[in-house]
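Right, one structure below, let's go through it.
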Amino acid sequence: MSGRLIVALLLPLLPAHLAAEADHYWPTWRGPTGNGVAPHGEPPTTWSETENVRWKVELPGLGNASPVVWGDRVFVMSAKPTDPSAYEAEQEAARLRAERRERPGGLRPVEQSFVVLALSREDGSVVWERVVATDTPHEGHHQDNSWASGSPVTDGEVLIAHFGSFGTFAFDLDGNELWSTDLGDMTTRNGFGEGISPSIAGDKVIINWDHEGDSKIVALDKRTGEQIWRRDRDEVTSWATPLILEHDGRTQAIVPATGRSRGYDADTGEEIWSLGGMTVNTIPSPVSRDGVVYLTSGFRGNMLQAVALDRAEGELTDSADAVLWTYDRDTPYVPSMLLYDDQLYFLKRLDNILTSLDASTGEVVFHQIRVEGVQNVWASPVAAAGRVYITSREGVTVVLEHGPDYKVLATNRLDDRFDATPALVDDEIYLRGKKYLYCIADDRK
């Protein structure tokens, strides 16, 4: 199924006057299809610090949150230390703890200001900036995480910025705050920190809240923040963002997790189906096509499951008719999969080992291909215009030709570290680094 047809399935979830625009933008961290694909995108293949950089702006603070795009604006989230010197000292202390392999390691709490920004797509200038809270976090985070790792989401009417334990905030696209709510404090596994992004399903905001305490999933009214439904979850910490998908006239919120992956009725919160088999520390978000959902995780084990929604009801097992096929090698720990046309692409753990499967059959297209030029990959792969983009922490993006043969088109390098997933819109790529936000576009246009 093409990206455009997948978008057609999602469009009924949007207001009618916004549906025609949705697939031209990048409203969530996995794009308009939910699969990492920009159906109308035509981004550059090559760039560097001196080529095809339309603009580059320094962002306040730190965050692994990916940018999202609607209209003429790019929206980003960040956590800015109120005392930069104290934060730098804690970063050095965390580095030393990591060398000594102390547990729990990572960064310990340092007061932060939590920031939401809207930038101009034209030149990167700040259209509006809102400090939504200033507080000292109740727990630290893994040294590679941040206190702003969940990405914002928009449907063209509201922008939802979810800082987890530090609050959930709704704005209109001009920066007027509509509501805010506090869902409590998370206690994450090993103090690794938070990172789940919210999802929008019609008039609801769906937030998964898996941690070492009382886990839950909630639906909030997107216009008021009032709770519509809540379901308790018998789950440990996970970091997977719910996939919202309409199937057979019913909207599902699909959430993978260590115990059981589940499909919920997005209107009522009713559990429709569940399936075990994921590994611990479930992070990758699901992708889908033709009524099939693909679930994966890859920490201390490997699992990828293809689940047919028209057969998924009740408690499933791997032998159920709904489970079309499974794959148990080289699956990702942090990056989510890319589903482009009939091909699934995914990386092994956090490494540069790439596999591609036929989404219909689970048969291997190619596997264990070492992507030269990249080493550690936390960002999820994205695609447009017959090309696949893989961005690494070292500042390198390798561009591949989409298809059954592994073919490198370009290897590009920038002077920053990238953990956030790129956003692709029209002829532009938005890359959020540790320090800068880049707009990559053909400088001849």
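Against the condition crowded, with 22+ Cβ neighbours inside 10 Å and among the aliphatic types (A, V, I, L, M), how does residue 115 come out, does it pass?
The answer is yes for residue 115.
Do you know which of the residues in the stretch 250-260 that are of a type outside the set (A, V, I, L, M, F, W, C) and part of a strand (DSSP E or B) is most open to solvent (accessible area, probe 1.4 Å)?
The residue in question is 250.
Which of the strands (runs of 3 or more DSSP E) found entirely inside the stretch 139-249 contain at least 1 residues meeting this: surrounded by fewer than 20 Cβ atoms within 10 Å (Cβ to Cβ)?
Once the strands (runs of 3 or more DSSP E) in the stretch 139-249 are filtered for at least 1 residues that are surrounded by fewer than 20 Cβ atoms within 10 Å (Cβ to Cβ), what remains is 177-181, 215-221, 227-233, 243-247.
Would you list the strands (runs of 3 or more DSSP E) that sit entirely within the stretch 281-363 and hold 3 or more residues that are of a type in the set (Val, Ile, Thr), touching a strand residue (DSSP E or B) at 6+ places or on another chain (Cβ under 7 Å) and crowded, with 19+ Cβ neighbours inside 10 Å?
Qualifying strands (runs of 3 or more DSSP E): 292-297.
Name every residue in the stretch 368-386 that is open to solvent by 70 Å² or more (accessible area, probe 1.4 Å) and part of a loop (DSSP other than H, G, I, E, B), in order of residue number.
Of everything in the stretch 368-386, those that are open to solvent by 70 Å² or more (accessible area, probe 1.4 Å) and part of a loop (DSSP other than H, G, I, E, B) turn out to be 372, 375.
Examine the stretch 163-172 for a residue that is modelled with pLDDT of 95 or more and among the charged types (D, E, K, R), and state whether such a residue exists.
yes
Can you pull out the strands (runs of 3 or more DSSP E) entirely within the stretch 1-99 that have at least 3 residues that are buried (at least 16 other Cβ atoms within 10 Å of the Cβ) and at pLDDT below 95?
Correct list: 73-81.
Across the stretch 100-136, which residue is nearest to residue 67 (Cα to Cα) among those that are in contact with a Phe, Trp or Tyr (Cβ under 6 Å, 6 or more places away or on another chain) and assigned to a loop (DSSP other than H, G, I, E, B)?
124
Looking at the stretch 271-284, I want the residues that are at positive phi and have a partner that is open to solvent by less than 10 Å² (accessible area, probe 1.4 Å) and of a type in the set (A, V, I, L, M, F, W, C) with Cβ atoms under 9 Å, at least 6 apart or on another chain. Which pairs are those?
277/295
Applying the selection to the stretch 387-410, what residues are of a type in the set (A, V, I, L, M, F, W, C) and either in contact with a His (Cβ under 9 Å, 6 or more places away or on another chain) or in a loop (DSSP other than H, G, I, E, B) (or both)?
Once the filter is applied, which keeps residues that are of a type in the set (A, V, I, L, M, F, W, C) and either in contact with a His (Cβ under 9 Å, 6 or more places away or on another chain) or in a loop (DSSP other than H, G, I, E, B) (or both), the stretch 387-410 yields only 388.
Which one of the conditions (1) closer than 21 Å to residue 383 by Cβ; (2) free of Cβ contacts under 8 Å to residues at least 60 places away in the same chain; (3) touching a helix residue (DSSP H, G or I) at 6+ places or on another chain (Cβ under 9 Å) does residue 339 fail to meet, given that it meets all the rest?
Here residue 339 meets the rest and fails (2).
The values are calculated or read from the model by the stated rules, or taken from the named source; none is laboratory data. Being a predicted model, the structure only gives us computed values, none of them experimental. Every residue, glycine among them, receives a Cβ derived from its backbone with ideal geometry; neighbour counts consider all protein chains shown. Ligands, DNA and RNA are stripped out before the accessible areas are found, and what is left, the full protein with its side chains, is counted by its heavy atoms. Shrake-Rupley method; radii C 1.70, N 1.55, O 1.52, S 1.80 Å.
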